[in-house]
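> To start, I am sharing the structure in question, which I have written as C-alpha cells.
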Amino acid sequence: FLFSSDSMVFFIWVMLIGFAAVSGTRIYSYCQNGYGNLLVSRIGYKQFQKDIFIAQNLYVLTVMGMEFLLLTGITLLIFPPEKSDFFVTALTLYDTTDMVSLLMVLAKQYIIILIYVLLVMNITLLSACVIRNRYMIQFLPILIYLVPGLVISVAETFYYPVTEKL
C-alpha cells in the first residue's frame, strides 16, 4: 500500500478530508458556540490555542498510528514474508536484505505522511482565526494539497527548458 504512489495519494486525501471534517474546525466551532469564550476567559487565548493544538495533534497521531499498525499487520497476514513475491520485490527495490529494514522504510514513509498531515491540520486550525466559514476551513486542506501540484504542473508546461535542467 505505501509502496504505491496512487494508493498513498488516495490515503493522504482520505486523511486530510477526514481530519479536516473532524478536527480542522475545532477552534471555529468553539468560537461559534461560546464554549471557547468560556475557556479563553479562564485560561487565556494563548494557552487555549496551545491546548487545542496539542489535543488535535495527539488525536491525529493516535488515529494514524493505529492505522499504520493495522495496515502493517494486515499486510503481514496477507503477504507472509517468507512466502511472498511482494516482499522479495520490495526488499530488492529498496536495497534491503531483511524484514526489519523494510519496516524501517515503511516507518520513514509513515513519518513523512504524518508530518505532512500534521502541518496541514495545524494550518487548518490556525485558519479559523482568519476564515469565518466552516466549509471553507474544511476545504482548505484539499486546496493546500492541490494548489502546489497545479502550480508545478503549469510551471513545468510553460518553463519546460528550465525544469528539464532541474
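> Taking the stated definitions as given, is residue 11 modelled with pLDDT of 75 or more and within 13 Å of the chain's Cα centre (by Cα)?
It is true that residue 11 is modelled with pLDDT of 75 or more and within 13 Å of the chain's Cα centre (by Cα).
> From 146, 150, which residue is open to solvent by 90 Å² or more (accessible area, probe 1.4 Å), closer than 28 Å to residue 28 by Cβ and assigned to a helix (DSSP H, G or I)? Before you say what the answer is, go through the steps one by one.
On the way: 146 fails: open to solvent by 90 Å² or more (accessible area, probe 1.4 Å).
Exactly one of 146, 150 is open to solvent by 90 Å² or more (accessible area, probe 1.4 Å), closer than 28 Å to residue 28 by Cβ and assigned to a helix (DSSP H, G or I), namely 150.
> Find all pairs meeting these conditions: Cβ atoms under 8 angstrom apart; at least six residues apart or on different chains; first residue within region 12-37 and without any contact (Cβ under 8 Å) to a residue 40 or more places away in the chain; second residue among the β-branched types (Val, Ile, Thr).
Final answer for the pair search is 30/52; 36/27.
> Let me ask something else about it. Just for region 24-80: of the residues that are surrounded by fewer than 16 Cβ atoms within 10 Å (Cβ to Cβ) and not in a helix (DSSP H, G or I), which one is modelled with the highest pLDDT?
Among those that are surrounded by fewer than 16 Cβ atoms within 10 Å (Cβ to Cβ) and not in a helix (DSSP H, G or I), it is 44.
The values are calculated or read from the model by the stated rules, or taken from the named source; none is laboratory data. Remember, it's a predicted structure, so these values are computed and weren't measured experimentally. Note that we place each Cβ from the backbone using ideal geometry, even for glycine, and neighbour counts take in every protein chain shown. What goes into the accessible areas is simple: the full protein's heavy atoms, side chains included, and nothing from ligands, DNA or RNA. Shrake-Rupley method; radii C 1.70, N 1.55, O 1.52, S 1.80 Å.
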